[in-house]
Amino acid sequence: MNSQPTSHPRRRLLAGSGAALAAAGLGGLAPAARAAGDTPAAAAGTKPLPGYVAWKDPASVIVHSTTTIETRRGSFGTGVLTPSEQLYIRNNLPAPDASVVADRDAWEVEIAGVKNPRRLSVRELKSMGLETLAMVLQCSGNGRGYFPSKPSGTPWQVGAAGCVMWSGVPVRWVADALGGVAGGMAFMTGTGGEKLPEGLDPKTVIVERSVPVAAMADAMLAWEMNGAPIPLAHGGPLRLIVPGYTGVNNIKYVKRLAFTAAETDARIMSHGYRLSPPGGKGDPSQPSVQEMSVKSWINGPGADGGTVKAGLVQVHGVAFGGLHGVSRVEVSLDGGKRWHEARFVGPDLGRYAWRQFVLSAQLPPGAHVLASRATDSAGNVQPEQRAENAGGYNNTSWADHALKVVAA
Ligand SMILES: Nc1nc2c(c(=O)[nH]1)N[C@H]1C(S)=C(S)[C@@H](COP(=O)(O)O)O[C@H]1N2
Ligand SMILES: [Mo]
């Protein structure tokens, strides 16, 4: 991954300027060809990694701000899992103090809305059960950067997503051990353990989200990520994992897990992540962004800069089906006029994981628009167009995610 042109220190220093483009040999590319790859604008937005994630690979990520960091499109590898050093970061509030991971097993979560509510330490949770699952973690706003309306919020391209392996105890086993979910509870509500800023109404800042109680079937209280204790930045010592649902529902440093009759009235639920018409504002009357839908994109070749050697190429990318799992991917080399069946690569890690796909193709010299279109196991097909909305959520458009490259 260090051979990518974007990791070149000089390119990063000069990124965004004409000199940087010339240095990287991109000066002659049509603007459209640059737009789809690692854009000069995105490169220009790159800032140094903040201290709490200093362990991330700087060459693999775009640092939008200290709390919003995405994986570069050209840095996604072709193994199924996203290495922790490349995985995106999205924090609504600063993470808790590092002292909470000094004694991970001592972290406690309050379980409510069960017959016998009580607090459980990570140590106790570890004695109650163990499961491992792979899951796509994706921010609701991933792909927002492709909305021409430029909604406010981080202009993520494809990299506010990753496929992560989690280990922990299934939520349903914990609920069963505490006598089962209490009657009339329609939601599962998780609360983040951040210290809230003083002087503000806690409801306006707390990270607390509700999902339908049915989502508990595959939910997990996890302490391990990609085979290691969950880093603090990703929610250690304990994180609520809700497979198939958008990133925000996967509550980091979870301090309370409650089965509730109603959705939380925290602002991040009532007004945040709502699908409102362009120009509108999120409010409780609008639908929530919750389950993920079928989506795919191409990660190479040519995602870092847009140039490809003409001839035989392996067009590859990732595809996932949200709640259903992905069953098929087609690839187009001409912007969607003709489609070819792609082949899945590598192991199938279950319906919540993404799958890598590849199409072997001959790319003659010239400009090409590479697109991918996935179908999930329920027959839903990734749409050509995004559904417009004020927040720039849920962009699954294959046209928006097409990769413009020049073969030479
Ligand atoms: N406690 C807590 N959990 C949280 C958040 C947060 O700010 N605080 N951000 C959410 C959002 S919006 C996303 S997209 C994911 C990001 O997870 P990551 O930073 O581990 O990639 O965490 C979610 N869980
Ligand atoms: Mo998010």
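Only one residue in Leu49, Leu21 is out of contact with any Lys or Arg (no Cβ under 6 Å at 6 or more places or on another chain) and either modelled with pLDDT under 95 or assigned to a loop (DSSP other than H, G, I, E, B) (or both), so which one is that? Please lay out each step first, then the result.
Numbers: Leu49 fails: out of contact with any Lys or Arg (no Cβ under 6 Å at 6 or more places or on another chain).
Result: Leu21 is the single residue among Leu49, Leu21 that is out of contact with any Lys or Arg (no Cβ under 6 Å at 6 or more places or on another chain) and either modelled with pLDDT under 95 or assigned to a loop (DSSP other than H, G, I, E, B) (or both).
Being away from ligand 2 (no atom under 15 Å from the Cβ) and either in the same structural domain as His401 (by TED's automatic domain parsing) or surrounded by 21 or more Cβ atoms within 10 Å (Cβ to Cβ) (or both) is the filter here; which residues of the stretch 65-80 pass it?
From the stretch 65-80, those away from ligand 2 (no atom under 15 Å from the Cβ) are 66, 72-80; that's our starting set.
Selection gives Arg72, Arg73, Gly74, Ser75, Phe76.
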Against the definition (surrounded by fewer than 24 Cβ atoms within 10 Å (Cβ to Cβ) and under 21 Å from the mean Cα position of the chain (by Cα)), how does Ala399 come out, yes or no?
yes
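Taking the options Gly379, Gly322, Gly336, name whichever one is more than 30 Å from Lys150 (Cα to Cα), of a type outside the set (A, V, I, L, M, F, W, C) and part of a loop (DSSP other than H, G, I, E, B). Don't jump to the end; show me each part of the working.
Details: Gly322 fails: more than 30 Å from Lys150 (Cα to Cα); Gly336 fails: more than 30 Å from Lys150 (Cα to Cα).
Gly379 is the lone residue from the list that is more than 30 Å from Lys150 (Cα to Cα), of a type outside the set (A, V, I, L, M, F, W, C) and part of a loop (DSSP other than H, G, I, E, B).
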Looking only at residues that are buried (at least 19 other Cβ atoms within 10 Å of the Cβ) and not aliphatic (A, V, I, L, M) in the stretch 92-107, which one is farthest from ligand 1 (Cβ to nearest atom)?
Trp107
Is it the case that Ala342 is within 22 Å of the chain's Cα centre (by Cα), among the aliphatic types (A, V, I, L, M) and not assigned by TED's automatic domain parsing to the domain that holds Val80?
no
Does Trp166 fit the bill of being aromatic (Phe, Trp, Tyr), outside any loop (DSSP other than H, G, I, E, B) and either in the same structural domain as Gly306 (by TED's automatic domain parsing) or more than 12 Å from ligand 1 (Cβ to nearest atom) (or both)?
no
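Looking only at the stretch 202-213, decide whether some residue is farther than 19 Å from Arg274 by Cβ, in contact (Cβ under 8 Å) with a residue 40 or more places away in the chain and either away from ligand 1 (no atom under 13 Å from the Cβ) or touching a His at 6+ places or on another chain (Cβ under 9 Å) (or both). Show your work before the answer.
Quick first cut of the stretch 202-213, residues farther than 19 Å from Arg274 by Cβ only: 202, 213.
Then drop every residue that is not in contact (Cβ under 8 Å) with a residue 40 or more places away in the chain, which leaves 213.
Then keep just the ones that are either away from ligand 1 (no atom under 13 Å from the Cβ) or touching a His at 6+ places or on another chain (Cβ under 9 Å) (or both); that gives 213.
Yes, some residue in the stretch 202-213 is farther than 19 Å from Arg274 by Cβ, in contact (Cβ under 8 Å) with a residue 40 or more places away in the chain and either away from ligand 1 (no atom under 13 Å from the Cβ) or touching a His at 6+ places or on another chain (Cβ under 9 Å) (or both).
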Checked the stretch 193-227 for anything in contact with a Pro (Cβ under 9 Å, 6 or more places away or on another chain) and under 15 Å from Val169 (Cβ atoms); matches are Met216, Ala217, Asp218, Ala219, Met220, Leu221, Trp223, Met225
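Confirm whether Gly302 is surrounded by 21 or more Cβ atoms within 10 Å (Cβ to Cβ) and within 22 Å of Ala407 (Cα to Cα). Steps first, please.
Values: surrounded by 21 or more Cβ atoms within 10 Å (Cβ to Cβ): yes; within 22 Å of Ala407 (Cα to Cα): yes.
So Gly302 fits the description; yes.
The values are calculated or read from the model by the stated rules, or taken from the named source; none is laboratory data. Keep in mind the model is a prediction, meaning the values are calculated, not measured. FYI the Cβ positions are ideal-geometry reconstructions off the backbone, even for glycines, and counts take in every protein chain you see.
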